[in-house]
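Structure first, then comments.
The values are calculated or read from the model by the stated rules, or taken from the named source; none is laboratory data. Worth saying up front: this structure is predicted, and the values here are computed from it rather than measured. Heads up, the Cβs are rebuilt from the backbone with ideal geometry, glycines too, and the neighbour counts pull from every protein chain shown. Ligands, DNA and RNA are stripped out before the accessible areas are found, and what is left, the full protein with its side chains, is counted by its heavy atoms. Shrake-Rupley method; radii C 1.70, N 1.55, O 1.52, S 1.80 Å.
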Amino acid sequence: LIRSTRSFATGGSTHGEVWGAPRQLGGTLGPPPVGTQHQESCTTHNMLKVAAKLLRWTGDYTYADFTERALLNSVIGTMRGSEPGALLYTLPLGAGVSKRDKQAWRTSERGGWSHAHDDLWCCSGTGIEAFAKLHEHVFATNATTAAAATAATAAADGRASSRATPAHAASTPELHVLQYISTRLTWKAAGVTAELQATDLSRVPAGQPLALSFTMSPLAGAEMAKGARDGTAPLGGLVAGGAADPHTDPHASSQRLTIVVRIPGWAWLGAQPSARLNGEPVPIPKHARSLRLSRTWSPADLLHLELWPTLRLEEPPDSRPQFASLRAVFYGPLLLAALAHEAGVRRLGVSPA
């Protein structure tokens with residue numbers, strides 16, 4: 001109802017705080033005043049909450065794909081980099097618009113940006129919460145409940161699966177890497193610390209890969225005790241964290257563990273994704289939605305992945321003839337925007353081929 005028929009390329013939705021008719025977004029894009037009241041920040045934030053719950057119940061990586069799109073192209077851009085705490089109520093979309101444009105509901109010279117201390121909109125609260133929750137989207141572990149379908153079932157009938165393996169089918173604890181954000185996790189159930197290092201794609205020269213490095217090391221006694229007190233919200237069929245006591249589980253830091261890394265659809269549009277474990281190539285089946293590795297991990301183990309982004313065009317959910325040429329330009333997971341506000345509206349000529 002929302003993602004495929006009423007959402008913009010950013011992953012956000014609503015125009016003028018309303019979900020309009022399905023598949024009719026083209027007419028909402030454009031210069032002010034029309035093009036300044038898109039995707040209310042509260043809506044994006046709450047759609048991410050819905051996606052997290054659906055991921056939790058089903059284990060379907062489609063919801064992690066949506067989360068990636070919305071985090072990178074909606075949430076991150078709603079706080080002013082030069083002024084922490086200044087947030088957007090709505091994110092302008094379309095040709096010739098800017099975040100600094102005056103809003104129909106706000107004529108301030110600050111445009112859509114809030115004052116960090118003098119404004120308290122609903123989107124000020126959810127905006128702050130959205131940034132505070134970024135880390136919750138990165139990792140997940142299997143719970144004891146089953147996901148709706150298994151990779152084995154999909155493989156049996158020849159279809160690629162975007163779902164995680166149900167927890168009851170997993171013979172070892174599983175850690176799922178869902179988003180490519182540098183993060184350190186205390187995985188208390190396994191008695192280890194997991195660390196993900198990811199390059200910032202917005203700062204990588206064109207033609208270079210998005211690189212991921214993953215390591216694990218045993219928790220020290222003090223860290224283990226702290227990990228037993230700390231917990232993160234359940235996520236993904238899949239519950240972040242677990243429950244293991246080093247005093248009752250002496251093998252917690254040396255058991256066999258499974259790491260599952262999500263591979264997004266955009267990663268298969270260019271050069272094939274590659275993986276190496278301790279320098280040795282790890283095969284990735286073509287169009288696989290994840291890489292799964294089960295082993296007894298040591299602190300010396302290093303898993304390295306490279307995903308190669310490419311330029312691509314996406315059609316908006318609007319098939320009306322007057323919008324037949326409207327496209328969004330992506331580089332990997334990132335929606336591109338032209339820095340053309342001073343010069344006015346510019347057109348980008350693209351060959352259909």
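Numbers below:
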item: Whole-percent carbon and sulfur share, accessible surface of region 1-85, 1.4 Å; result: 60
item: Solvent exposure ordering (accessible area, 1.4 Å, most first) of Met216, Met79; result: Met79, Met216
item: Largest to smallest accessible area among Asp318, Asp65, Asp118 [probe 1.4 Å]; result: Asp118, Asp65, Asp318
item: Radius 14 Å from Cβ of Ile284, net charge of other residues (Lys, Arg +1; Asp, Glu -1); result: +3
item: Spin-label model distance (nm) - Glu109 vs Gln272, 7 Å beyond Cα toward Cβ; result: 5.9
item: Amide H contacts under 5 Å for Ser290, placed H, 5+ residues apart; result: Ile263
item: Net charge of neighbours whose Cβ lies under 9 Å from the Cβ of Leu91, counting Lys and Arg as +1 and Asp and Glu as -1; result: 0
item: Electrostatic dipole magnitude of region 1-144 [Cβ: Lys, Arg +1; Asp, Glu -1; Cα centre; debye, to 20]; result: 260
item: Calculated from backbone phi, Karplus (6.51, -1.76, 1.60) coupling profile of region 256-269 in Hz, x at Gly/Pro; result: 6, 10, 10, 10, 10, 9, 5, 10, x, x, 5, 6, 9, 8
item: Lys, Arg +1 and Asp, Glu -1 on Cβ, resulting dipole of region 254-345 about Cα centre, debye, nearest 20; result: 440
